[in-house]
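Student: Please find one structure pasted underneath; my questions will follow.
The values are calculated or read from the model by the stated rules, or taken from the named source; none is laboratory data. Only a predicted model underlies this, so the values are computations on that prediction, with no experimental measurement involved. Methodologically, a virtual Cβ is constructed for each residue, glycine included, from the backbone with ideal geometry; neighbour enumeration extends over all protein chains shown.
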Amino acid sequence: MFSLGCIQALKCNTNTCPTGITTQNPDLAFGLDPTEKQVRVANYHMETVKACVEVMEAAGVKSSAEIHPALLVKRISIGKSRDYKEIYDHLQVKPGELLDMKGPRRLLEAWDLNDGIVNRVV
């Protein structure tokens, strides 16, 4: 959104976005030139991927498949940090587990809701 020119006017849901990014109103959207903005969006994306690769290299992983919750650490207070495996232990599922409708109840409920939304949209 920033690379398109978002100024955080907090009017995304009102159809009155002053930069024209989140509106269907042609009077407001006239300033949003996709041919100009596509370069900025592409540059932002490339730099984001580059930064992600640098972090992966620093963590010693060679592929995104090697990233796991124990590698991600969050500071929870001054002098205390926990890895995501400790913080979000309820999110640990085996590959395919949700597809077989197995796993933590909260995740199964969210999975079921999402599946219904996907099926309605498609």
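Student: If I ask for residues that are closer than 30 Å to LEU72 by Cβ, in contact (Cβ under 8 Å) with a residue 12 or more places away in the chain and among the polar types (S, T, N, Q), which ones from the range 15-50 would you list?
Tutor: Of everything in the range 15-50, just one residue is closer than 30 Å to LEU72 by Cβ, in contact (Cβ under 8 Å) with a residue 12 or more places away in the chain and among the polar types (S, T, N, Q), namely ASN43.
Student: Out of all the residues in the range 1-14, which are out of contact with any helix residue (DSSP H, G or I) (no Cβ under 8 Å at 6 or more places or on another chain) and part of a loop (DSSP other than H, G, I, E, B)?
Tutor: Answer for the range 1-14, where residues must be out of contact with any helix residue (DSSP H, G or I) (no Cβ under 8 Å at 6 or more places or on another chain) and part of a loop (DSSP other than H, G, I, E, B): MET1, CYS6, ILE7, GLN8, ALA9, LEU10, LYS11.
Student: If I filter the range 22-45 for residues that are touching a helix residue (DSSP H, G or I) at 6+ places or on another chain (Cβ under 9 Å), surrounded by 12 or more Cβ atoms within 10 Å (Cβ to Cβ), among the hydroxyl-bearing types (Ser, Thr, Tyr) and at pLDDT 85 or above, do I get at least one hit?
Tutor: Yes.
Student: Scan the range 73-101 residue by residue and report those that are of a type in the set (A, V, I, L, M, F, W, C), exposed (fewer than 14 other Cβ atoms within 10 Å of the Cβ) and out of contact with any strand residue (DSSP E or B) (no Cβ under 6 Å at 6 or more places or on another chain).
Tutor: ILE78, LEU91, LEU99, MET101
Student: Among the listed residues ALA65, ALA58, which satisfies the condition of being closer than 30 Å to LEU108 by Cβ and in a helix (DSSP H, G or I)?
Tutor: Result: ALA65 is the single residue among ALA65, ALA58 that is closer than 30 Å to LEU108 by Cβ and in a helix (DSSP H, G or I).
Student: Six or more apart or on different chains, Cβ under 9 Å: which pairs go from a residue in the range 51-76 that's without any contact (Cβ under 8 Å) to a residue 12 or more places away in the chain to one that's surrounded by fewer than 10 Cβ atoms within 10 Å (Cβ to Cβ)? Could you list them?
Tutor: Pairs found: CYS52/SER64; MET56/LYS62; MET56/SER63; MET56/SER64; GLU66/GLY60.
Student: Here is a further query. Applying the selection to the range 79-121, what residues are of a type in the set (A, V, I, L, M), farther than 26 Å from CYS52 by Cα and modelled with pLDDT of 80 or more?
Tutor: Within the range 79-121, MET101 is the sole residue that qualifies.
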